[in-house]
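Okay, structure first, notes after.
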Amino acid sequence: MYNYPQLVTASLKLIFRHFSQKQETISAIKQVQLLITYSDSKNYKQIKCDLEELRLLVEKSELWVTKKKSTNKVLCNNSSIGHHQHPGGHEGQGSSQGHTAPRSSQGQRPVQSRSSRAYNQRLLKNLGVHEAMIELLQIQYDKKNDRSMNEIIQLVHIFIQNFCYRNPANQNLIHQNFNLFLSPGILECETACFIYKDNANLCANLSQSTVQHYITCIEKYGRKSEYLKFLQIIVRSETYVYHRKAQDMIMTGLMDSSEEVLHFYTDSSSIQSLVENMKSQIGPLDPRSSLAYHVDLVNLLACCTEGKNVFTEIRCHSLLSL
């Protein structure tokens with residue numbers, strides 16, 4: 001065969017094309033999703049139509065002064081797609097960290113089976129809706145005075161939370177743009193929780209700068225339990241798998257932080273204040289109260305010492321001795 005150069009060349013081209021097309025075919029097959037029911041087909045057509053309109057609006061974001069109402073409507077359709085709303089209903093009771101399922105655009109928790117949720121999440125991913133949402137988050141606007149845009153961004157976060165909920169593949173996709181969520185905003189912090197929740201791979205590759213960001217937020221913007229919730233999530237998963245690297249980084253960050261972060265009731269006068277706060281507490285605990293912050297901080301220290309981590313146990317004892 002080597003005596004016929006043209007035949008050799010043609011054979012090699014055929015082999016290269018075969019293997020190239022093979023990889024392309026495998027990649028394309030992975031994105032194929034069967035629309036079994038009429039409802040699935042209807043959802044697909046509606047999402048595709050809304051996505052085209054949304055992408056057009058993102059491209060013309062400078063004209064949004066007259067387009068905001070239309071954008072808001074499109075996002076409402078997609079932020080809760082496939083969710084059957086029920087007043088006060090929710091799926092599950094949340095993890096041991098108290099982090100529950102994301103709300104829909106109407107402020108209610110979705111009620112749907114796990115397979116149905118995963119199906120809708122995959123459909124949205126295959127259509128690339130998350131890419132349009134990421135582009136929306138990068139648009140510059142007046143956060144203090146632009147109420148309509150704030151509503152749109154809130155809907156974007158609701159979508160991303162539903163998109164990531166118990167879906168490691170989607171969490172990894174959104175995490176590629178995690179810098180968009182590294183801000184002191186509570187909404188961004190809540191979305192960051194859904195990106196990392198129960199994702200062992202992301203928690204194992206967490207950077208010290210991410211941990212330090214939330215500790216710094218407490219120092220600069222006040223004691224807010226939402227920042228502590230994120231730190232709790234990266235330490236321990238719902239299946240009680242402990243991430244030692246995250247434990248060490250959090251404890252190191254807490255040891256180097258100011259008294260604004262380490263708010264404990266250790267002396268007699270502060271303990272009396274704690275008792276009075278507990279007595280005055282009626283009904284559910286206010287997440288913005290000093291008592292809620294104290295409870296979450298102690299819970300965080302407990303999470304950091306679980307799993308027989310001697311390093312964090314010693315440091316925790318120096319912060320809050322028995």
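Points worth noting:
- Filter pass, Lys13 being in a helix (DSSP H, G or I), basic (Lys, Arg) and either under 26 Å from Arg122 (Cβ atoms) or under 36 Å from the mean Cα position of the chain (by Cα) (or both): no
- Pairs, first more than 11 Å from His130 (Cβ to Cβ) in the range 161-186, second exposed (fewer than 15 other Cβ atoms within 10 Å of the Cβ), C-beta under 6 Å, six or more apart: Pro184/Tyr221
- Filter pass, Ile153 being touching a Leu at 6+ places or on another chain (Cβ under 8 Å), surrounded by 14 or more Cβ atoms within 10 Å (Cβ to Cβ) and either aliphatic (A, V, I, L, M) or within 23 Å of Thr216 (Cα to Cα) (or both): yes
- Single unsatisfied condition, Val58 versus (1) loosely packed, with under 11 Cβ neighbours inside 10 Å; (2) of a type in the set (A, V, I, L, M); (3) modelled with pLDDT of 65 or more: (1)
- Unmet criterion (only one of (1) closer than 29 Å to Ala118 by Cβ; (2) among the basic types (Lys, Arg); (3) at pLDDT 80 or above; (4) outside the structural domain of Asp142 (by TED's automatic domain parsing)) for Lys13: (1)
- The range 225-264, subset hydroxyl-bearing (Ser, Thr, Tyr) and touching an Asp or Glu at 6+ places or on another chain (Cβ under 6 Å), residue surrounded by the most Cβ atoms within 10 Å (Cβ to Cβ): Ser225
- Residue check for Tyr214: surrounded by fewer than 17 Cβ atoms within 10 Å (Cβ to Cβ) and either at pLDDT 90 or above or of a type in the set (Ser, Thr, Tyr) (or both): no
- The range 246-271, subset among the β-branched types (Val, Ile, Thr) and within 16 Å of Ser318 (Cα to Cα), residue modelled with the lowest pLDDT: Thr266
- Subset of the range 144-160 [over 16 Å from Leu57 (Cα atoms) and either in contact with a helix residue (DSSP H, G or I) (Cβ under 7 Å, 6 or more places away or on another chain) or in contact (Cβ under 8 Å) with a residue 60 or more places away in the chain (or both)]: Gln154, His157, Ile158, Phe159, Ile160
- Residues located in the range 299-318, provided they are among the aliphatic types (A, V, I, L, M) and either surrounded by 15 or more Cβ atoms within 10 Å (Cβ to Cβ) or in a loop (DSSP other than H, G, I, E, B) (or both): Leu300, Leu301
Here is a yes/no grid of residues against (1) within 20 Å of Glu131 (Cα to Cα); (2) touching a Cys at 6+ places or on another chain (Cβ under 8 Å); (3) modelled with pLDDT of 75 or more:
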{"position": "Lys42", "(1), (2), (3)": "no, no, yes"}
{"position": "Asp50", "(1), (2), (3)": "yes, no, yes"}
{"position": "Glu53", "(1), (2), (3)": "yes, no, yes"}
{"position": "Lys68", "(1), (2), (3)": "yes, no, no"}
{"position": "Asn72", "(1), (2), (3)": "yes, no, no"}
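- Candidates Leu274, Leu322 - the one that is modelled with pLDDT under 90, farther than 30 Å from Asn205 by Cα and in a helix (DSSP H, G or I): Leu274
- Filter pass, Leu12 being in contact with a Ser or Thr (Cβ under 7 Å, 6 or more places away or on another chain) and either of a type in the set (Asp, Glu) or at negative phi (or both): no
- Long-range neighbours under 6 Å by Cβ, at least six apart or interchain, first residue assigned by TED's automatic domain parsing to the domain that holds Ser225 within the range 275-290, second assigned to a loop (DSSP other than H, G, I, E, B) and at pLDDT below 80: none
- Test: Thr252 is within 25 Å of the chain's Cα centre (by Cα) and hydroxyl-bearing (Ser, Thr, Tyr): yes
The values are calculated or read from the model by the stated rules, or taken from the named source; none is laboratory data. Because the structure is predicted, anything quoted here is derived from the model rather than measured. A quick note on method: Cβ atoms are made from the backbone with ideal geometry, for glycine too, and the neighbour counts reach across all protein chains shown.
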